[in-house]
Amino acid sequence: QSRRRSRRENAPLDEHINKPLRRHAWTSTSRTWTRAALARERTDFFDTRVTGRAEVWETLHAALRVLWDPAAQGAADDGTNGLATAQGFLTAAEVTLPTGNL
């Protein structure tokens, strides 16, 4: 019995899919968020990350801070509104994004 295999199945195990970081537009349909409430939720989320690799969580948090407020993080003039700076953080830490979403 012959089985067809997709390209993904034939990819080497040490090869990771890594798409470039992109902005993902998301809108809450069940709740209206104020800036203060959203900032509090973000802080609470990252303050409670206690499992996994701390350096990966810190890299993700740093990349997101750049995307949330590029000017405050010194990335406003990278020409991409912080995307290039955030991607640089992820690349340096060898964090891969299979979908390009963070």
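The region of the chain that goes longest without hitting one of the chymotrypsin sites (Phe, Trp or Tyr not before Pro) in a DSSP loop, each with at most 16 other Cβ atoms within 10 Å, is 34-102. Placing dummy labels 7 Å off each Cα toward the beta-carbon, the span from residue 14 to residue 33 is 3.9 nm.
Any read-out appearing in this document is the output of simple, stated calculations on the displayed coordinates, not a laboratory observation. The structure presented is a predicted model; accordingly, all values stated were derived computationally and were not measured. Please note: Cβ atoms are built from the backbone with ideal geometry, for glycine as well, and neighbour counts cover all protein chains shown.
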